[in-house]
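Below is one structure; the comments refer to it alone.
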Amino acid sequence: MTGDDYTAIYDPDTDFDRHYTDATAVRVSAKLGPGQRVLELGCATGRMTQALARDGREVVAVDRSPAYLTRAQARGLPATHFIQADLGALDLGDDPRFDHVIAANVLHELDDPVALLRTVRERHLANGGLVHVSLQNPDSIHRLAAAAGGLVGDASEVSDAGRRYATRRLYSADELVALGASAGLACVSREGVMLKPLPNDTMATLPEDLVSGFVAIADLFPSNCAMNLLTFRHA
């Protein structure tokens, strides 16, 4: 198994990260209209896809892992087409255009995230369309606390576990805005997803109601949530 192939050790449906996925799906879905065309980049097992594929929307969902896509397809989602492809060389052919493009928690795995965002803008974003990008927040409370306590050298440091899960580097919200601008995209909104004061393994021991509370208060601490969620349009 290489650092890019973590499917044997990471299950998106049972790992604590599923809480980020679900909370992000709620926020992104609120921005989608009925019957719109949606492109999801890095769909994994389709956990978020099932929220996007509602209200008569047409969804194209892309992932590089055949194992994940088999599970995604087994969900039997309506008007949803799954494609196996490497996002580092995305080519959907026929120049399809979408009202919304979602790249949730995936840009950190790419050597050149700007290239992907530029491809999305030039080839796959409809006029008036929006791009929704989420990513781990290096300014999350748990990272800041770890740095302050000397557990890590810097809040943006990539851990050994992160490297096992193909993380190249972390990007702050300001850095994501800059990535978008380099690709010809303008940021129209910034928000946080789920407050996380403790590492995942500790958070996983908390009662579900308390975890839901950390999701609910995200808007009170937008700069220090576990995830940043940014929405872009054509610049």
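Hull surface divided by four, with the convex hull built on the Cα atoms of the range 102-235: how many nm²? If you can, show how the numbers build up before the last one.
On the way: hull surface 34.3 nm².
It is 8.6 nm².
Of all DSSP beta bridges in the chain, what percent run antiparallel (nearest 5)? Intermediate values should be presented prior to the final figure.
Numbers: 14 of 34 bridges.
Bridges in the chain are about 40 percent antiparallel.
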Q) Taking Cα centroids, how far is the range 185-235 from the range 2-63 in Å? A) 16
Q.
Sequence gap at least 6, Cα distance under 8 Å: using those rules, report the relative contact order of the range 138-228 to the nearest whole percent.
A. 36
Q: Can you pull the one-decimal nm distance between simple spin-label points at residue 212 and residue 91, each 7 Å off the Cα toward Cβ?
A: 4.7
Q) Among 222, 19, 147, whose Cα lies farthest out toward the positive end of the dipole of the chain, if unit charges sit on the beta carbon of Lys, Arg (+1) and Asp, Glu (-1)? A) 222
(Q) With every protein chain kept in place and ligands, DNA and RNA left out, what is the accessible area per residue of the chain? Probe 1.4 Å, answer in Å². (A) 45
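Let me check against my output: what whole-number percent is the relative contact order of the chain, with C-alpha pairs under 8 Å and at least 6 apart? Spell out each step's value before the answer.
On the way: 451 pairs, mean separation 47.3, N = 235.
Here the relative contact order equals 20 percent.
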Q: Please report, as a whole percent, how much of the solvent-accessible surface of the chain comes from carbon and sulfur atoms (probe radius 1.4 Å).
A: 51
Q) What ranking, highest mean first, results for peptides 137-145, 7-15 when packing means the other Cβ atoms within 10 Å averaged over each residue? A) 137-145, 7-15
Q | Estimated Rh, the range 1-122: Kirkwood, alpha-carbon pairs, angstrom | A | 14.7
(Q) Starting from the 7 Å offset along Cα-to-Cβ, what nm value, one decimal, do you get for the label separation of residue 74 and residue 190? (A) 4.1
Q.
For the chain, what does the helix formula give at 222 nm: sum of -39500 (n - 2.57) over DSSP H segments with n ≥ 4, over the residue count, nearest 500 deg cm²/dmol?
A. -7500 deg cm²/dmol
Q: Evaluate the distance, in nm, between pseudo-label points positioned 7 Å from the Cα of residue 235 and of residue 167 along their respective Cα→Cβ axes.
A: 2.8
Q | Residue-span extension gain [residue 10 to residue 223] - 0.36 nm each, minus C-alpha spacing | A | 74.0 nm
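Subtract the Cα-Cα distance of residue 174 and residue 81 from 0.36 nm times their separation in residues, and report this length gain in nm to one decimal.
Values: separation 93, 0.36 × 93 = 33.48 nm, distance 3.31 nm.
Going from the current span to full extension adds 30.2 nm.
The values are calculated or read from the model by the stated rules, or taken from the named source; none is laboratory data. These numbers were taken from a predicted model, which means no experiment stands behind them. All Cβ positions, glycine included, derive from the backbone under ideal geometry; neighbour counts span all protein chains shown. We work out accessible area using only protein heavy atoms, side chains counted, and drop any ligands, DNA or RNA first. Shrake-Rupley method; radii C 1.70, N 1.55, O 1.52, S 1.80 Å.
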